[in-house]
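Some notes on the structure that comes next.
Bear in mind that the values in this text are calculations on the coordinates, not laboratory data. Being a predicted model, the structure only gives us computed values, none of them experimental. Note that we place each Cβ from the backbone using ideal geometry, even for glycine, and neighbour counts take in every protein chain shown.
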Amino acid sequence: MGGKCTSINFKKSFHKSNTFSEKTSILSNKLDNIEKEKNNYNINDEILNDNYILYQFYIDETNLNENIRVLSTNQENSKYLEDKIKLYHNNKEIPFTEKYIFNELNNDKMIIKFEIPIDNISCLFKNCKYLFDVDFSNFNCKNLKNIKQLFYQCILLKKIEISKISTQNVIDMSELFFYCSSLVELNLSNLKTNNVTNMSGMFQNCSSMIKLDLSNFNTSKVLNMSNMFNNCSKITHLNLSSFNTKNVLCMNGMFSNCIKLTYLNISSFNTEKVENMNSMFCKCCSIENLDLDSFKTNNVKDMGEMFSKCNFLKKLELYNFVTKNVTNMKMMFYECQFLNELEISNFKVNENTNIDDIFSRLNNDCEIFVHDKRLCKIVKENNFKSGI
């Protein structure tokens, strides 16, 4: 393939290490040792159009003999994309079906060229575990509706410039950054979410993320926020006071395993339609205060493990909680070891509601304000203080 070459600045990395491993945890830990350099990426002009993505992989001697995944399409998306994109590896076109490349050292540059505008790039880089850098500056698909799992388990990406992607029509952002375990920061200020209905698992397992500014998020149409921040284990502050949650049905696992979270502002949450709050704050083991005054729980059916292992909570006031439709409260307050006061005087537990271990391993000195007969019996049997 001849033709003039255009030089484009692109990040390049070199690293030689005998300890580099396929295993995701080790890969993530090695990132700080990668030396980054800028490199000119020479591309034949005849390849380029006004709609393409540049991306690059981490290659060294340790994974030199591996088949490196360069593209990942889900079953429903594969046929849709087949005649709409072309793949180029070092200026040579490769078949769409060839989703792996067998490497030579530094032979790591890829282009996805979009022949026509498309509306679905879901799973495009899913499980591309050696993906190191992505450039969307020449990506011009304006009618995208689905970007779910776009960077699913891209464990080497430390930074993603996603502001160039036009998302005003996107409906599904579920698991968008799932298990991007090396991702430290994200600029989401230009991300349009006004039509998104699914944000489940959006940042799940972003275990290196330190800060998230979501103040510009429009969440008025979102139905599912389950596991949205699950295992964001380094975030300490999260201000979601701008979130509109009036249509959300699922919040299960939303903040689960946010083990360093000390500040959480969800004071504006409207939970009138929520049906599932299972494990919502489970293992938020550093937070001392939760303001849930805005919560309305008339439609909630599952509160199992909702506050389980919130070890540092001192006081919990749930006087506004309506529990008439709840069928699962199993381990709801399990191992809240420093809880001194629990206000659940409005709780009403049905005969068939699972309340197994609801107060197990709770602080023995905790004063529990409760009127429900089944719960009162457990309080008495375990010699907890009974509030008036």
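Observations, loosely collected:
- Tensor-based shape of region 236-388 (alpha-carbon gyration tensor, a/c under 1.5 rounded, otherwise prolate or oblate): oblate
- Order of SER241, SER78 under a 10 Å beta carbon neighbour criterion, fewest first: SER241, SER78
- In order along region 134-148, the phi-based Karplus estimate (6.51 cos²θ - 1.76 cosθ + 1.60, θ = phi - 60°) of 3J(HN,Hα) comes to 9, 10, 9, 5, 10, 9, 10, 8, 8, 10, 4, 10, 9, 10, 4 Hz; Gly and Pro are listed as x.
- In range of the label at ASN67: residues from region 81-100 whose backbone nitrogen is under 17 Å from the point 7 Å along Cα→Cβ: 94-100
- Amide hydrogen proximity for THR193: with H placed 1.01 Å from N in the peptide plane, the residues at 5 or more positions away or on another chain lying under 5 Å are ASN218.
- Centre-to-centre, using Cα atoms only, region 157-231 and region 363-388 are separated by 41 Å.
- Residues whose placed amide H lies under 5 Å from that of ILE165, excluding near-sequence neighbours: none
- Taken one residue at a time, the phi angles of region 111-125 give Karplus couplings (6.51, -1.76, 1.60, θ = phi - 60°) of 9, 10, 9, 9, 6, 9, x, 10, 10, 9, 10, 4, 6, 4, 10 Hz. Gly and Pro are set to x.
- Stokes-Einstein translational diffusion, region 331-375 - Kirkwood Rh over all Cα pairs, 0.890 mPa s, 25 °C, in µm²/s: 224 µm²/s
- For LYS385, residues with placed amide H under 5 Å, excluding near neighbours: CYS366, ILE368
- Each residue of region 266-272 was assigned a 3J(HN,Hα) from its phi angle through the Karplus curve 6.51 cos²θ - 1.76 cosθ + 1.60 (θ = phi - 60°); the sequence is 10, 5, 9, 4, 9, 10, 4 Hz, with glycine and proline shown as x.
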